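Working notes, beginning with the structure itself.
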Amino acid sequence: MSTTATPPAPPLPRPPYPALDTPRAEPLPKSPTPGRRRYYYGWVILGVAATAMFMSGPGQSYSMAAFIDPMLADLGLARSQYSLAYLVATLISGSLLPVIGRLLDRKGARLVLPVVAALLGLACLGMSGVGALLGLYLGLTCVRSLGQGALTLVGTWMVSQWFERRRGLAMGLLGLGSTLSFMAFPAGNLAMIEGLGWRGAWVGLGLGVWALLMLPALLLVRNRPEDLGLEPDRIAPPEGAGGSAAGGSYASWTSGQAIRTASFWKVVAALSTSAMVSTGLVFHQVSILGERGLSGGAALSLLTIQAAFACVMSLVGGALADRVAPRRLLATSMALMAVAMTFLLVPVTPGTALIYSALLGLHTGIQRCCGAVTLAGFFGRGHFGSIKGIAMSLVIGASALGPLPLALAKDLLGRYDLALMALMAFPVLAGIAVWSARPPVLPREPAGTAAASA
């Protein structure tokens, strides 16, 4: 009886991107040496993405806080009316992110980013003309959806497409845009409001978005490195390499496949816990620390310290994420948050307040870079926009709930202690969950299905 060796199975074909399945070889800006590229164009993309993160400021909570009191005084609205409008706008913003993510996967940032920048500028101009409660609802919904939601998602999507082996470092650098925005916009808004009034300040923000973001978005953005004949992280494929050197990035899950994995929900649990608890703590920071004897000015100054530690940890954590499993770093960030909260349950001194802010800053820095790195590493680049959009919608929903339990504890019990102890359980449980997350295995189509479609 003769036997015949079974031929090896053919390699899986590289799946096309959802709508960019026929990438064009588009020219790079002219280089000094024609035919040779002396730099990786992904760093230019990173710069534009960081600018997008910076210019998301008009839709972020830290930026809009400066407008609350002057707008309430001028419009004759109650603080509860503004807060409800802000909550509704935030929830709508989160619900739109899966749609924006799918649009990114299909059309790319080269189209989406300039459109979002143009609309955010218009939304800021619209906020300058708000005259009643309905206008406030519409204006807040637009600036939150386009600034806090869409621009943040677009910036993360761009970096995830252009970097793979150095994705952690790139995400850490991207986080600098958010940190600088946090540091610049509150003071800048206050200065514009004092000089131009709140309506003039909104006009200034709209013009700033157009001036700083529109031109780079139109001239410099390319969707993926393959559009220029490049590979993630590198100028060109290694010599003699057959196909893509970054084959792992093509094992792309759809959003439907991703949300059916336990790993997706474990990562989202960590990100949502961070958003919910951090938002509650920052929202009530002055009151929580004031209850423990710290002045309002000192409590607010701690936010700057927190931002500084977050800035440093964003870079360090990003670099570590290229060497250590980022899910373990996410678990570490959960531990840092839990430890930080213990300092609110003991008598607060300037020293313990500083340690509290430093630990929260370290937590924030890790979260800022490692969440997207973990999702992209688990589920690939091809449908990252859809997957990240779903995750962000859940995270934003969690952040909207953050201030509520602390507010209820203060109103009903007169102190925050019980709510703080209850909230401490969330980072502990989320840390255990994300530590146990494992890279999922992409399901393959049955052999009969592939043969039938051939």
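The values are calculated or read from the model by the stated rules, or taken from the named source; none is laboratory data. All of these numbers come straight from a predicted model, not from anything done at the bench. Using ideal geometry, Cβ is built from the backbone for each residue, glycine included, and neighbour counts are taken over all protein chains shown.
Below are the figures for this structure:
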| item | result |
| --- | --- |
| Residues of segment 258-272 classified as surrounded by 22 or more Cβ atoms within 10 Å (Cβ to Cβ) and β-branched (Val, Ile, Thr), total | 2 |
| Complete set of residues in segment 342-358 that are surrounded by fewer than 20 Cβ atoms within 10 Å (Cβ to Cβ) and in contact (Cβ under 8 Å) with a residue 60 or more places away in the chain | Thr342, Leu345 |
| Test result for Gly385, buried (at least 24 other Cβ atoms within 10 Å of the Cβ) and under 18 Å from the mean Cα position of the chain (by Cα) | yes |
| Any chance Pro347 is outside any helix (DSSP H, G or I) and not small (Gly, Ala, Ser) | yes |
| Hey, Leu113 touching a residue at least 60 places away in the same chain (Cβ under 8 Å), assigned by TED's automatic domain parsing to the domain that holds Gly208, in a helix (DSSP H, G or I) and under 25 Å from the mean Cα position of the chain (by Cα) or not | yes |
| Some residue of segment 178-189 being more than 24 Å from the chain's Cα centre (by Cα), of a type outside the set (Phe, Trp, Tyr) and not assigned by TED's automatic domain parsing to the domain that holds Thr304 | no |
| Some residue of segment 395-415 being touching an Asp or Glu at 6+ places or on another chain (Cβ under 6 Å) and at pLDDT 90 or above | no |
| Any chance Asn223 is assigned to a helix (DSSP H, G or I), polar (S, T, N, Q) and either under 19 Å from Ile45 (Cβ atoms) or at pLDDT below 90 (or both) | no |
| Some residue of segment 129-151 being assigned by TED's automatic domain parsing to the domain that holds Gly47, out of contact with any helix residue (DSSP H, G or I) (no Cβ under 7 Å at 6 or more places or on another chain) and under 26 Å from Arg381 (Cβ atoms) | no |
| Close pairs (9 angstrom Cβ cut-off, 6 or more residues apart or separate chains): within 18 Å of Gly361 (Cβ to Cβ) in segment 159-186, at pLDDT below 90 and of a type in the set (D, E, K, R) anywhere | Met171/Arg368; Gly172/Arg368; Leu174/Arg368; Gly175/Arg368; Ser178/Arg368; Thr179/Arg368 |
| Residue within segment 291-305 that is part of a helix (DSSP H, G or I), modelled with pLDDT of 85 or more and more than 30 Å from Arg438 (Cβ to Cβ) present | yes |
| Every residue from segment 403-446 that is touching a residue at least 24 places away in the same chain (Cβ under 8 Å) and outside any helix (DSSP H, G or I) | Arg415, Tyr416, Ser436, Ala437, Arg438, Pro439, Pro440, Leu442, Pro443, Arg444 |
| Test: residue in segment 292-304 that is in contact with a Gly (Cβ under 8 Å, 6 or more places away or on another chain) and over 18 Å from Gly172 (Cα atoms) | yes |
| Candidates Ala391, Ala331, Ala358, Ala372, filtered to the one that is within 18 Å of Pro440 (Cβ to Cβ), out of contact with any Gly (no Cβ under 8 Å at 6 or more places or on another chain) and hydrophobic (A, V, I, L, M, F, W, C) | Ala372 |
| Output for segment 56-110, where each listed residue is without any contact (Cβ under 8 Å) to a residue 24 or more places away in the chain and either surrounded by 20 or more Cβ atoms within 10 Å (Cβ to Cβ) or of a type in the set (Lys, Arg) (or both) | Arg79 |
